[in-house]
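Structure record follows, encoded as structure tokens.
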Number of protein chains: 2
Amino acid sequence: MCVPACQKKIAQALSRRHFLRSAGIGSLGVMAASCAPAASTEPAQQAPQTLSYSRVVDLTHVLGEQFPAFSGQQQVTIEQVSDLNKDGYNMNRWTIVEHTGTHLDAPFHFSDQQTADNIPVADLVGQVAVIDIRAKAADNPDAQLTPEDIKAWEATHGELPSGVIVAMNSGWDAYVNGPKFRNADDDGGLHFPGFHVEATSMLMEERSVKGILVDTLSLDHGPSPDFAVHFSWLPSNRWGVECVANLGDLPPIGATVIVGGPKIQGATGGPSRVIALV
Amino acid sequence: MCVPACQKKIAQALSRRHFLRSAGIGSLGVMAASCAPAASTEPAQQAPQTLSYSRVVDLTHVLGEQFPAFSGQQQVTIEQVSDLNKDGYNMNRWTIVEHTGTHLDAPFHFSDQQTADNIPVADLVGQVAVIDIRAKAADNPDAQLTPEDIKAWEATHGELPSGVIVAMNSGWDAYVNGPKFRNADDDGGLHFPGFHVEATSMLMEERSVKGILVDTLSLDHGPSPDFAVHFSWLPSNRWGVECVANLGDLPPIGATVIVGGPKIQGATGGPSRVIALV
């Protein structure tokens, strides 16, 4: 996410946010925007981490011109500019709209907070907790990861450790090469899982979480009317990654994720190489 | 590297390679092309690696429109396509010629071997040996990392471990924002350090090395007449990363590098997020 097609929804969300602010009610988005950005204040020098791994897992889809986009429009063009046989080397030129493929949403995408190149690098590395909602996503493509899912995970694995990255595994990566990835209805509405804003609110307010990963096209679920997760999580100076692959190859806890986000000047996010050490 | 401006040099190198092949002499490039690609045949399931780290070091320069290129020409354009205040979110479109910024050279850049998206992900992660040639690079910008430099490193730190990544630290990252990074002479010839082909030949033939990193614009040193390292190392199905930053923040051995190379279909390389755990 995001593309011109969602502009109307965002305008609606902005209006709603403005209404809530004007009414003095406050919204999660407004509250989050004024939160101290926990992730960015962590010292670069951490306590020593010990990590044992025997597998390197690629959490990244291949990004080609046909990669499904939130808008349904092509977001990537790849042009060959040099050919080995003719020129002595191969080289391409890419034209990329930032929010496509397995990609980072930097805080700046939905706020005036950190651009992708300004996220402290230590915030892009962390232990990952994988919350498996595949069963309910199979029953309902509009499923959301809720506080109850977090609590159920914690009942088995203990409280989310400080500085963790939280991943939603809905099993949606399996659909990346077909229409079910966007799962558009006859009116163009999308249907895929995402985080519920109450879950990300819990992660912001009651846990210490660096970032979130989803295996779908958006941090919010497909039919979201207001992009409530985008409008609260990102302005809190936390990041998200969308269209993550192979979360099913990770344990519920114990893997370390490295988010190779783009270090491109002023980027609001963009295609990223996301790698796990398991 | 590489851009149209170097086409003439490459054509010369190809001619030389063709001559050597025709004459039955063989060249390092030809020899390498027929080598078994050690890096790609490693099993995904490795022996357990134990890694202790307390710092995350970013080995990536910020890539903007003015980033110095081998050709001296602009390789990146960043256009804003959505604005937070007007559209409700920020988003950009990038146009990028692959070989710019801190970037991967995939084997396919100079051969018909692996594209960036086809490099086994386990080959992008490994312990890094940093060979410091800053002293001789300060005396001579055309300095090369030679077999003698490798042997001197090994005399202190032991033989390069199997599956290592070897980095050349010439100190050149400090010049990235000025003309000394390209260091062009009056005739347009470039002057910066790189690997000597005898060193990469040694690494291919006598050691087990996944990839190489340089802090300059090319795996070969600036005045290379034949891109001998490109024409031997890459066709052996090994990769390189150019324009790496902050190698001075790593120990000679012990850090683990994760090369977040682009997983873009058919890529010959491209801007990468390169991160070290120290």
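What follows is calculated from the coordinates using simple rules that are stated; it is not laboratory data. Keep in mind that what you see is a predicted model, and the values were worked out from it rather than measured. With ideal geometry, Cβ positions are generated from the backbone for all residues, glycine too; neighbour counts draw on all protein chains shown.
Summary for A:Val278: label point 7 Å along Cα→Cβ; distances to the equivalent points in the other copies, ascending, 3.1 nm. For segment B:159-278, the share of DSSP beta bridges that are antiparallel, to the nearest 5, is 40%.
Expressed as a whole percent, the proportion of Cα-Cα pairs in segment A:88-186 lying more than 18 Å apart is 66%. The distance between label points at A:Ser208 and B:Asn85 comes to 3.6 nm (points 7 Å beyond Cα on the Cα→Cβ vector). Scaled to the globular estimate 2.2 N^0.38 Å, the Cα spread of segment B:235-275, given as radius of gyration, is 1.34. Backbone amide hydrogens, once placed in the peptide plane, bring B:Gly266 within less than 5 Å of B:Asp117, excluding anything fewer than 5 places away on its chain. Backbone geometry of segment B:211-217 corresponds, through the Karplus equation with coefficients 6.51, -1.76 and 1.60 at θ = phi - 60°, to 3J(HN,Hα) couplings of x, 10, 10, 10, 9, 10, 6 Hz, x marking Gly and Pro. Between A:Ala255 and A:Val128, the built amide H atoms are under 5 Å apart, and every one of these is 5 or more places off in sequence or on another chain. Work out the mean other chain Cβ neighbour count within 10 Å for the residues of A:97-109 and drop it here as an integer. Per residue, the number of nearby Cβ atoms from other chains is 3 on average.
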